[in-house]
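Q: One structure is given below, represented as structure tokens, and several questions about it will come after.
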Amino acid sequence: MTTTASATDDRKRSAQQSAPLDAPITQIRVRVLTAGEAAANTAGRIHLGLGGREFRLAKSGAEPARGTQLTFTLGEGADVDHSWMNDPRAPRLTLADLARRPLYLRLEKAGSEPHWLLERALLTVNPGTDTDIQFGTPRLAELEPGDKLWLGADHGLAIHLGHVRGALNH
């Protein structure tokens with residue numbers, strides 16, 4: 001009996017550790033932390049590249065200001081501007097799209113503050129579900145305290161996100 005219970009527990013753990021590739025992406029949550037240094041904020045447009053598409057990360061009255069963290073939600077519970085056009089459910093994206101396409105944040109120059117000093121970024125797909133997977137800026141986390149990444153026309157416009165937690169079943 002213990003062997004059967006143990007095998008069942010192992011299967012449950014395995015199912016929780018890897019998500020099926022055909023599982024739909026129903027929600028995306030992106031948190032960005034803008035550094036606290038002078039001129040770190042931006043008036044530029046931030047885009048998320050995921051699944052072969054780009055999504056605009058914008059909320060009315062919320063710009064990446066110095067020393068602040070912003071969270072953007074797309075899909076279920078969306079809080080971004082033009083949420084119907086920035087929805088991973090239409091057209092439908094699946095976890096397979098995460099495995100096959102680049103995942104990145106990109107800054108589009110705009111306004112009088114075209115640069116952005118990014119300290120950290122964390123992206124969670126399907127948060128709080130059994131297909132919860134996280135991506136982030138692991139290279140930034142490895143830097144010395146105080147090191148950040150400038151994005152802008154003079155520095156490079158994008159940063160690719162790497163896997164942090166959760167598994168894709170290949």
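Q: Pairs needed: first member in region 60-83, over 20 Å from Trp116 (Cβ atoms); second member anywhere, surrounded by 14 or more Cβ atoms within 10 Å (Cβ to Cβ) and among the aromatic types (Phe, Trp, Tyr); C-beta distance under 8 Å; at least 6 residues apart or different chains.
A: Qualifying pairs under 8 Å: Asp79/Phe72.
Q: Another question, then. Kindly evaluate Thr131 against the criterion of being in contact (Cβ under 8 Å) with a residue 12 or more places away in the chain, in contact with a helix residue (DSSP H, G or I) (Cβ under 8 Å, 6 or more places away or on another chain) and hydroxyl-bearing (Ser, Thr, Tyr).
A: yes
Q: Can you pull out every residue in region 1-36 that is open to solvent by 60 Å² or more (accessible area, probe 1.4 Å), modelled with pLDDT of 55 or more and β-branched (Val, Ile, Thr)?
A: Hits for region 1-36: nothing passes.
Q: Quick one: is Arg66 among the basic types (Lys, Arg), more than 19 Å from Gly128 (Cβ to Cβ), surrounded by fewer than 16 Cβ atoms within 10 Å (Cβ to Cβ) and modelled with pLDDT under 90?
A: The answer is yes for Arg66.
Q: Then there is this: Filter region 117-128 for residues that are farther than 17 Å from Gly49 by Cα and in contact (Cβ under 8 Å) with a residue 24 or more places away in the chain; which is most open to solvent (accessible area, probe 1.4 Å)?
A: Glu119
Q: Tell me, which residue of region 129-149 that is open to solvent by 60 Å² or more (accessible area, probe 1.4 Å) and at pLDDT below 90 is nearest to Leu70 (Cα to Cα)?
A: Residue satisfying both the conditions and the ranking: Ala141.
Q: Please list, ordered by residue number, the strands (runs of 3 or more DSSP E) wholly in region 61-143 having 1 or more residues that are touching a His at 6+ places or on another chain (Cβ under 9 Å).
A: Output list reads 104-108, 133-136.
Q: While we're here: What number of residues in region 37-50 are at pLDDT below 95 and touching a strand residue (DSSP E or B) at 6+ places or on another chain (Cβ under 8 Å)?
A: Adding up the residues that qualify gives 8.
The values are calculated or read from the model by the stated rules, or taken from the named source; none is laboratory data. These figures come from a predicted structure and were not determined experimentally. FYI the Cβ positions are ideal-geometry reconstructions off the backbone, even for glycines, and counts take in every protein chain you see. Protein only, heavy atoms only, side chains kept; ligands, DNA and RNA dropped before computing areas. Shrake-Rupley method; radii C 1.70, N 1.55, O 1.52, S 1.80 Å.
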